[in-house]
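What follows is a short report on a single structure.
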Amino acid sequence: MGKRVRISNDSLNSYGFRVLTSGMDVAQYNRNPVLLYMHERGNVVGYVKDLKVENNEVTGELMFDCASELSERCKKQFEFGSLRMVSAGLEIFETSEDKDLLVTGQTRPTITRSKLFEVSIADVGANDDALVLQRNGKVITLAGTATATCHF
């Protein structure tokens with residue numbers, strides 16, 4: 001078993017908004033679970049296995065294809081721990097400024113409906129909770145956290 005990562009959750013990100021997991025459509029992504037490097041189209045480094053949406057979060061296992069030098073490097077850095085964050089590429093369908101959906105510190109609307117279209121391995125992301133959760137079936141805790149970025 002590889003490392004399970006949190007791709008997204010309902011927490012506030014560094015851009016001042018949050019993405020509701022309950023409104024995220026992952027059906028299309030499940031048909032083509034591409035893993036990119038830093039959101040760069042054409043730099044496919046693998047795919048996401050066993051995508052799960054539960055407990056207000058999206059998680060999965062990163063599988064590197066090692067078909068390129070970049071993918072091999074990403075796999076090595078991910079295994080070593082120098083790359084441990086992921087970032088969600090989202091298409092945004094609906095936002096809300098409803099005060100009931102805002103959390104302390106939120107400066108932008110809440111994304112209430114979105115579609116996941118790619119996941120990227122990233123050096124720095126926007127969601128501090130999008131990080132490695134476990135390795136070989138054991139939950140791990142990191143001193144730092146990882147991120148999930150949304151593209152508009």
Nothing charged except the Cβ atoms of Lys and Arg (+1) and of Asp and Glu (-1): what's the magnitude of the dipole of the range 4-137 about its Cα centre? Round to the nearest 20 debye. 220
What list of ³J(HN,Hα) couplings, whole Hz, do you get for the range 7-18 from phi and the Karplus terms 6.51, -1.76, 1.60, once you set θ to phi - 60° and write x for glycine and proline? 8, 7, 7, 7, 6, 5, 9, 5, 8, x, 10, 9
Nearby aspartates and glutamates by direct alpha-carbon distance to residue 3 (threshold 14 angstrom, same-chain neighbours under 8 apart not counted): 50, 61, 79
Around residue 52: net Lys/Arg minus Asp/Glu count, Cβ-Cβ under 12 Å: -1
By average C-beta atoms within 10 angstrom, highest first, the peptides 23-29, 64-70: 23-29, 64-70
Stretch gain in nm, segment residue 22-residue 92, where the contour uses 0.36 nm per residue and the Cα spacing is subtracted: 23.9 nm
Rounded to the angstrom and largest first, Cα extents along the principal axes for the range 4-137 equal 46, 28, 28
Given H placed on each backbone N at 1.01 Å, which residues far from residue 8 in sequence or on other chains put an amide H within less than 5 Å of it? 58
Please list the non-local residues whose amide H lies under 5 Å from the amide H of residue 113, H modeled 1.01 Å from N, same-chain partners needing a gap of 5 or more. 93, 94
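Values in this text are rule-based calculations from the coordinates and carry no lab data. Because the structure is predicted, anything quoted here is derived from the model rather than measured. A quick note on method: Cβ atoms are made from the backbone with ideal geometry, for glycine too, and the neighbour counts reach across all protein chains shown.
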